[in-house]
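> For reference, the structure I am asking about is given below.
Only the coordinates and a few stated rules stand behind these numbers; no lab work does. Just so it is clear, the structure is predicted and the values come from calculations on it, not from any experiment. In this analysis, Cβ positions are derived from the backbone assuming ideal geometry, glycine residues included, and neighbour counts consider all displayed protein chains.
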């Protein structure tokens, strides 16, 4: 059955449907979904709850309020929690854990972006597998206006999302760019009218949830291994791929093909 829960006093919510579609929502609309330190540190728990406890097959991450994805980190905390290099290292460990929770999530993560997607909010979207936006989306990386630097892993995600030249341009200039520009750069998989965004994102999530879960997980592991060039990641991806050929779902997929029907995958 579907389920939902919340973290960080309700500012991060997680829900999953009966069909295995998970959703993580940044729930601070009155602050343009800016993330506090507690929210950053809650995100890994939200993703773990969905994948480990609830067996979600795909996860959508979005912002509450139908207006903005996220303005990034709550700058109001910086005077105390990010005031120097020592405190910044502690603070940014929470940022990096949140980015990693998305990047290394065993199932695909779709970022549904509308409105502002700035700074650390852009970092969260950049860590996702797929980014889909509506025409109101705006992107920026304002670190150089604040006089700080982003964590290395976040910059690497931005390079993957934007490409080398566009990432340099965005980081150095702090220039804001539109959803249309983001789409042209290859940062977005698709761009939709505001009224259509939820429908299109949900349709994609449903298609992923209906696919064989072990196959989808193996594909994500293989893509991540290619990105990281890590030998252990390659070995893990290879094991996941091998396991699909011994799975119940592989037998079901073959039967469904010969019987000309839609397969019913169990994830086993």
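> For Cα pairs less than 8 Å apart in space and 6+ apart in sequence, what is the mean separation divided by the residue count of the chain, i.e. the relative contact order in percent? Walk me through the numbers before you get to the answer.
Values: 502 pairs, mean separation 38.4, N = 268.
Averaging sequence separation for qualifying contacts and normalising by length gives 14 percent for the chain.
> Over the stretch 122-268, what relative contact order in percent results from Cα pairs under 8 Å that are six or more residues apart?
21
> Continuing with this model, one more query. Separation between the residue 223 and residue 9 pseudo-spin-labels, each 7 Å from Cα along Cα→Cβ, expressed in nm?
Taking the simple label geometry, residue 223 and residue 9 are separated by 3.6 nm.
> Run lengths n ≥ 4 of DSSP H only: what is the helix-derived mean residue ellipticity at 222 nm for the chain, with -39500 (n - 2.57) per run over all residues, to the nearest 500?
On the way: 12 runs with 130 residues, N = 268.
Roughly -14500 deg cm²/dmol at 222 nm, from the helical runs in the chain.
> How much length would be gained if the chain were fully extended between residue 254 and residue 232, taking 0.36 nm per residue of separation minus their Cα-Cα distance, in nm to one decimal?
Working: separation 22, 0.36 × 22 = 7.92 nm, distance 3.08 nm.
Here the answer is 4.8 nm.
> Test of understanding: ordering 164, 62, 37 by Cβ neighbours within 10 Å, fewest first, what list do you get? Kindly include the intermediate steps, with their values, before the conclusion.
Values: 164 9, 62 24, 37 18.
Starting with the residue having the fewest Cβ neighbours, the order is 164, 37, 62.
> Something else about it: To test your reading of the geometry: what angle, between 0 and 90 degrees and rounded to tens, separates the Cα axis of helix 231-244 from the longest principal axis of the chain?
The angle comes out at about 30 degrees.
> Follow-up. I want to check the label-to-label distance for residue 145 and residue 242. Put each point 7 Å from Cα in the C-beta direction and report it in nm to one decimal.
5.2
> Could you run the Debye sum over the Cα atoms of the chain, one equal point scatterer each and no solvent, and tell me log10 of I(q)/I(0) at q = 0.07, 0.16 Å⁻¹, two decimals?
Relative scattering, expressed as log10 I(q)/I(0), comes to -0.25, -1.25.
> Calculate how steeply helix 197-210 sits against the longest principal axis of the alpha-carbon atoms of the chain, using the helix alpha-carbon long axis, and give the answer as 0 to 90 degrees to the nearest 10.
40
> How many percent of DSSP beta bridges within the chain run antiparallel, rounded to 5? If you can, show how the numbers build up before the last one.
Values: 12 of 33 bridges.
Bridges in the chain are about 35 percent antiparallel.
> Before anything else, pin down the relative contact order of the stretch 212-258: Cα pairs under 8 Å, at least 6 apart, normalised by residue count, whole percent. Intermediate results must be reported in sequence, preceding the final value.
On the way: 29 pairs, mean separation 17.6, N = 47.
Taking the mean separation of contacting Cα pairs over the length of the stretch 212-258, I get 37 percent.
> Roughly what angle does helix 85-103 make with the longest principal axis of the chain, taking Cα atoms, 0 to 90 degrees, to the nearest 10?
Result, in degrees: 30.
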